1. Using per-residue counts of other Cβ atoms within 10 Å, averaged over each peptide, order 26-34, 65-73 from highest down.
2. In the chain, if every C-alpha pair distance is counted and binned at 5 Å from zero, what percent goes to each bin?
3. Determine the gain in length on full extension of the stretch ALA95-HIS35; use 0.36 nm per residue of separation and subtract their C-alpha separation, reporting nm with one decimal.
4. Placing +1 at every Lys and Arg Cβ and -1 at every Asp and Glu Cβ, with all other atoms neutral, what dipole size does the chain have around its Cα centre, in debye to the nearest 20?
5. State, to one decimal in nm, how far the label point of ASN72 lies from the label point of GLU53, with both points 7 Å from Cα in the Cβ direction.
6. For region 3-58, what is the convex hull volume of its Cα atoms per residue in Å³?
7. For each of TRP124, TRP43, count neighbouring Cβ atoms within 10 Å of the residue's Cβ, then give the residues from fewest to most.
8. Lysine pairs in the chain with Cα distance under 26 Å, only those 8 or more apart or on different chains: how many are there?
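Readers should treat all values here as calculations from the given coordinates under stated rules, not as data from a laboratory. Please read all numbers here as calculations on a predicted model, not as lab measurements. Cβ coordinates were reconstructed from backbone atoms using ideal geometry, including for glycine residues, and neighbour counts include every protein chain displayed.
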Amino acid sequence: MDCRTINDKISQYLDKELDETQTRQLEEHITTCAHCKKTVDAWVKLYGVLEVEKSEYAANPFLTQRILHRINAKRNAEYPSTLTIRRIVVSSLAAAGIFIGVIIGTLFNNSLLTSSNDENDQPWAMVSEEYFPTEIFTPFE
Ligand SMILES: [Zn+2]
């Protein structure tokens with residue numbers, strides 16, 4: 001193995017991913033090559049630091065739970081669920097239905113109770129006069 005090959009294989013060596021032959025060749029090479037020995041030593045040192053860091057920042061099992069809980073709470077606050085939207089739509093439609101019912105009932109009631117026989121005093125006649133003034137719309141002229 002030459003120095004370049006060794007350099008490419010150091011991380012595999014430290015992860016113990018090299019087969020027996022390659023491991024032996026690499027170890028033989030670093031006993032004779034000071035440069036590669038230095039590089040491998042530096043990697044070993046780095047791996048040691050990383051292991052220490054890893055254990056210091058080991059995942060807290062409750063942390064995941066807390067973060068997920070917070071994310072869900074925030075999501076629910078920002079985006080109402082489909083159930084909430086459905087409830088809002090249903091209650092709006094119900095309110096609109098009641099409103100329309102009251103309007104129709106009021107108009108119908110007024111036309112029944114009104115004593116005037118003049119057709120133009122009827123609420124529907126007044127509404128039609130408002131939207132289709134007879135002075136403009138005279139279909140039977
Ligand atoms: Zn070398």
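1. Values: 26-34: 13.6, 65-73: 10.1.
The packing order, highest mean first, is 26-34, 65-73.
2. Percent of pairs per bin, in order: 2, 7, 8, 8, 6, 5, 5, 4, 4, 5, 4, 4, 4, 3, 3, 3, 3, 3, 5, 5, 5, 3, 2, 0, 0.
3. Numbers: separation 60, 0.36 × 60 = 21.60 nm, distance 8.34 nm.
Full-extension gain reported as 13.3 nm.
4. Details: 14 positive and 20 negative charges, 260 e Å.
Charge dipole of the chain: 1260 debye, to the nearest 20.
5. Each label point is offset 7 Å from its Cα along the Cβ direction, giving 3.3 nm.
6. Numbers: hull volume 4.1 nm³, N = 56.
That works out to 73 Å³ per residue.
7. Values: TRP124 12, TRP43 15.
Ranking TRP124, TRP43 by Cβ neighbours within 10 Å, fewest first, gives TRP124, TRP43.
8. Final tally of qualifying lysine pairs is 12.
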